[in-house]
Amino acid sequence: MPNILWIQEITKDDIPKVGGKGANLGEMFKANLPVPQAFSITAEAYWKFLKDAEIKDKIYGIIKNVNVDDDKSLNSVSQDIRQIFSETNIPWDLEIDILNAYKELGQRHNNENESVAVRSSATAEDLPEASFAGQQETFLNIHVENDLLRRVKDCWSSLFTPRAIFYREKQGFDHSKVALAVVVQRMVNSEVSGVMFTSDPISGEPMVLIESGFGLGEAIVGGEIIPDTYHVDQETLQIKDKLISTQTWMYTKDSAGNTVKVDLDQQLQKVQKLNNTNIMKVAKLGTSIERHYQQPMDVEWCLEDDNLYIVQARPVTTIKKVKSKSKISAPEESGEIVIIEGTSGNSESPFIDGFATDANADAEHGKGKILLKGLSASPGIAIGKVVNILSIKELDKVKKGDILVTKMTTPDMVPAMQRAAGIVTNEGGTTCHAAIVSREMEIPCIVGTVTATDVLSDGMEVTVDAGVGIVYEGIQAGVKPSAGTGTAGGTGVGIGAGGDAQGAGVPVTGTKVLINLGIPDAAEKHAALPVQGIGLMREEFIVGTYIKIHPNELIARGEPEKFVDALVDGMAKVARAFYPRPVIMRTSDFKTNEYRDLEGGEKYEPEESNPMIGWRGCSRYVSPDYEEAFKLELKAIKRIRNEQGLTNLWVMLPFVRSVDEAKKIIDIMHENGLVRSNDFKIWIMAEIPSNIFMADEFAKLVDGFSIGSNDLTQLIMGADRDSTILEKMGYFDERNEAVTRAIAQLIDVAHRNGCTVSICGQAPSKYPEFTEFLVRHGIDSISVNPDKALETIKLVARVEQKVMLERLAELVKK
């Protein structure tokens, strides 16, 4: 891997090379989205720095001693490691590569002293399952070579800030397996900037949420200001409502090229930051990005000379289709446009947008006095005692079950946030750090109250109703405390988005609902969902993130057990969490370009012009060039089932092109001790037209089919699933009649031959009508992303009830 990669050389599959931030920027650049020119200092450069400077062993030796539940230990370990980075010089050859790339970037824009943004991009960052929001650092308006080199080292060392160390520990990421790339991007000197969620970040509803402010976007991302908020219908691009805030200052670039904080003129402080035309322009771009990624995205944007740019995008990790846990109704308020000056309100908004009320006013509502109002950032109810944090040095004051009150959370507060039952801040909007992290941790959170630190005093008992954005005095009658996030062993109670029993009140369905999973460490959490198992467990994450070495390379080194042991560790963790519910594990389905990215991969993988339909899936397993590696996967499965007794682990074969290919693979499985039986099922992915046409023959060999709707649509319609143009034109759409006819035919033939049929593609998560189609045609199970599980169960129940009533009506007619 080279030390430098230009943005046009990067795609979304390059997270191991350039981290999540870099991979997403490259992907959007290739999709012709307005992304400023940039280059990435790759993860390879990071490893080279550690190796050549001989500091790797020292760093990981220090971090082994960290106690993340002890703030002093966490801060001490972080300080020691970051000091090592600061005192170590970058190798001269790597320094030359970085400076040459910086000079070339300037030449491309006819500016030798080009101002750049230097952004950290971790190789485990911005995955769909883990947001890593705010965990590493960004530096703006860098325009001196020595400053650039210093900031690159600062980015590298930010991999070891207290918040980053804590977060990786809690998310189950191995410190030594996560590298850090650095994105160096042309600086956009924005007049207006902001953050956009392409769908509602809590419910997933098709409503674009845009927050905007004057100047550089760091003020919004860091929660230093209360931004304007606009809600835009995703389909019609109609502006549904606006919350106009008061902004008194902004960050901008001064004449010397440095970032400075300046006061805004009086006449600008209360105006709408983004005009209606540009609101719709931003929203339209957001819907294009969501369509491209086929999932809701968190996007940072900026406007310079009326030109719109995207400077960052990551998957939204916090969507949970839940009703507000509020037991207390919010005051009725109305009005489409609200001016925020410490008070405002608009009941139409998905977020309660009232702000600080007069704490001395005797305003009674329901059964308790309202102390504060703000934005609902993470729904739920918390009860506890207030602890005000005015300085990062006071984090030890926060005990489990307390209500953390502060001006605005910073990434360094994550350990204390984890202990809190609820969070209330003066500043920030629903896209700021406090909002994103609290949603991910499922901690009730209200932001943008303006005066929380003045109104709420230490030791005060309060009820935080984050579903409606209100803080009540005392413990409210009718609120039943139950253990929730951040409260174990404490006196307070937090009931977050997942804090109550996730299966409570969930209807029973005839159609099974399963979930898709990639990260083994998330299994324990998702096992609490009222689902019947895992319909798709992806092996690729374990290989790409934890092993990172091509299996043939490990065989050549005489270390095949490293591959087997890592697979056993990861897959067993999932099977154990869900036992006895089935876990359908799809064997490896990397494409050749993805295998080449693994260490040693270039020795064993060809360069294909179209790897999507190249040497992938089962064609690898029957090839002499990969068969021995496939046997390592089988060995891991056998060990999990036989040695650990986890017989709920089943196998699914991907991209099976022919019946003969399937026969050969099943023979190989037999030879390696894996034989179909009552407690060991073999499924195949139905993602190729031949799987549909030959379903009766495949059914003689396997127990079930799982429809991969993305690939099946691509190959039936002849439409590249990654083509934004074809998607916009409507060619790539799982609802196309050609695709639905194929699926209906498969269900019919499979059932006539005694096989079950499931689906693990994205279509059921995106289109309710598609789910209805599947249920009506008798599909046996539907596997969706965890955040869509509860919503899908309820939808399936409604459809099944509808079908039953229709049939009853027909019987009555007869």
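The values are calculated or read from the model by the stated rules, or taken from the named source; none is laboratory data. Here the structure is a predicted model, which means the values were calculated and not measured. FYI the Cβ positions are ideal-geometry reconstructions off the backbone, even for glycines, and counts take in every protein chain you see. Each accessible area value is taken on the protein alone, full model and side chains, heavy atoms only, with ligands, DNA and RNA left out. Shrake-Rupley method; radii C 1.70, N 1.55, O 1.52, S 1.80 Å.
I need the phi-derived Karplus couplings for the stretch 729-739: 6.51 cos²θ - 1.76 cosθ + 1.60, θ = phi - 60°, integer Hz, Gly and Pro marked x.
Once rounded to whole Hz, the list reads 7, x, 6, 9, 8, 4, 7, 4, 4, 4, 6.
May I ask you to compute the full-extension gain from Asp57 to Leu99, defined as 0.36 nm times their residue separation minus their alpha-carbon distance, rounded to one decimal in nm?
Roughly 12.3 nm would be gained on extension.
Looking at the chain, what % of its DSSP beta bridges pair antiparallel, to the nearest 5? Write down the numbers at each step before the final one.
Numbers: 74 of 114 bridges.
Here the share of antiparallel DSSP bridges comes out near 65 percent.
Choose one of Pro551, His175, Tyr604: the residue whose Cα lies farthest towards the positive end of the charge dipole of the chain (beta-carbon charges +1 Lys, Arg; -1 Asp, Glu; about the Cα centre).
Farthest along the dipole direction, towards plus: Pro551.
Which value, in debye to the nearest 20, describes the size of the charge dipole of the chain about its Cα centre when Lys and Arg Cβ atoms bear +1, Asp and Glu Cβ atoms bear -1, and nothing else is charged?
In debye, rounded to 20, the chain gives about 2200.
So what's the gap between the Cα centers of the stretch 770-812 and the stretch 568-644, to the nearest angstrom?
33
Give me the Debye-computed log₁₀ of I(q)/I(0) at q = 0.09, 0.10 Å⁻¹ for the chain, equal point scatterers on Cα only, no solvent, two decimals.
Taken in order of the listed q values, log10 I(q)/I(0) reads -0.91, -1.13.
Taking only the alpha-carbon positions of the stretch 372-418 and ignoring solvent, what does the Debye formula give for the base-10 log of I(q)/I(0) at q = 0.27 Å⁻¹?
The calculated log intensity ratios at q = 0.27 Å⁻¹ are -1.22.
Any chance you could run the full-extension gain for Ala528 through Lys814? It's 0.36 nm times the residue separation minus the Cα-Cα distance, nm to one decimal.
Values: separation 286, 0.36 × 286 = 102.96 nm, distance 4.47 nm.
That works out to 98.5 nm of additional length.
Over the chain, give the accessible area per residue in Å² for a 1.4 Å probe, as an integer.
In whole numbers, the chain has 38 Å² accessible per residue.
Could you sort the peptides 227-239, 460-472, 731-743 by per-residue average Cβ neighbour count (10 Å cutoff), highest mean leading?
460-472, 227-239, 731-743
Can you divide the C-alpha Rg of the stretch 719-790 by 2.2 N^0.38 Å and report the result to two decimal places?
1.19
Around Ile688, which amide H atoms from residues at least 5 apart in sequence, or from another chain, sit under 5 Å from its own amide H, with H modelled in the peptide plane?
none
Would you work out what percent of the accessible area of the chain, with all protein chains in place, is carbon or sulfur (probe 1.4 Å)? Write out the running numbers ahead of the final one.
Numbers: 15060 of 31340 Å².
Accessible surface attributable to carbon and sulfur in the chain totals 48 percent.
Which whole number in µm²/s is D for the stretch 176-328 by Stokes-Einstein, with the Kirkwood Rh taken over Cα pairs at 37 °C and 0.692 mPa s?
My calculation gives 199 µm²/s for D.
Treat every Asp and Glu Cβ in the stretch 185-300 as -1 and every Lys and Arg Cβ as +1, leave all other atoms uncharged, and give the resulting dipole magnitude about the Cα centre to the nearest 20 debye.
300
Keeping all protein chains in position, work out how much accessible area His670 exposes to a 1.4 Å probe, and write it in Å² to the nearest 10.
80
Expressed in nm², what is the orientationally averaged projection area of the convex hull enclosing the Cα positions of the stretch 1-135?
Convex hull of Cα atoms, orientation-averaged projection: 9.7 nm².
With a point put 7 Å past each Cα toward its Cβ, work out how far Asp454 is from Arg776 in nm, to one decimal.
Rounded to a tenth, the inter-label distance reads 5.9 nm.
Along the Cα→Cβ direction, 7 angstrom out, place labels at Glu394 and Glu145. What is the inter-label distance in nm?
Spacing of the two 7 Å Cα→Cβ label points: 4.6 nm.
Based solely on its DSSP helices, what 222 nm [θ] is calculated for the chain when runs of n ≥ 4 H residues each add -39,500 (n - 2.57) and the sum is averaged over all residues, nearest 500 deg cm²/dmol?
-10000 deg cm²/dmol
Show me, for the stretch 582-589, the HN-Hα J-couplings you get by feeding each phi into the Karplus relation (A = 6.51, B = -1.76, C = 1.60, θ = phi - 60°), rounded to Hz, glycine and proline as x.
Calculated HN-Hα couplings, in order: x, 10, 8, 9, 7, 5, 4, 9 Hz.
Long-range amide H contacts for Leu372: which residues qualify at under 5 Å (H placed 1.01 Å from N, peptide plane, sequence gap of 5 or more or a different chain)?
The list, which skips near neighbours in sequence, is Val471.
How large is the dipole of the stretch 673-814 about the Cα centre if only Lys and Arg carry +1 and Asp and Glu carry -1, each at its Cβ, rounded to the nearest 20 debye?
Numbers: 17 positive and 21 negative charges, 103 e Å.
Value, rounded to 20: 500 debye.
If you plug each phi of the stretch 93-101 into the Karplus form 6.51 cos²θ - 1.76 cosθ + 1.60 with θ = phi - 60°, what whole-Hz ³J(HN,Hα) values come out, in order, with x for Gly and Pro?
5, 6, 4, 4, 4, 5, 5, 5, 5
Given H placed 1.01 Å from N in the peptide plane, which residues other than close sequence neighbours of Gly384 have an amide H under 5 Å from its amide H?
Here Val462, Val464, Val493 satisfy the definition.
Determine the shape class of the stretch 81-231: with a ≥ b ≥ c the square roots of the Cα gyration tensor eigenvalues, call it rounded for a/c under 1.5, and otherwise prolate if a/b is greater than b/c, oblate otherwise.
oblate
Roughly speaking, what is the stretch gain from Gln107 to Ile668, that is 0.36 nm per residue apart minus the C-alpha to C-alpha distance, in nm to one decimal?
Contour length minus Cα-Cα distance gives 196.3 nm.
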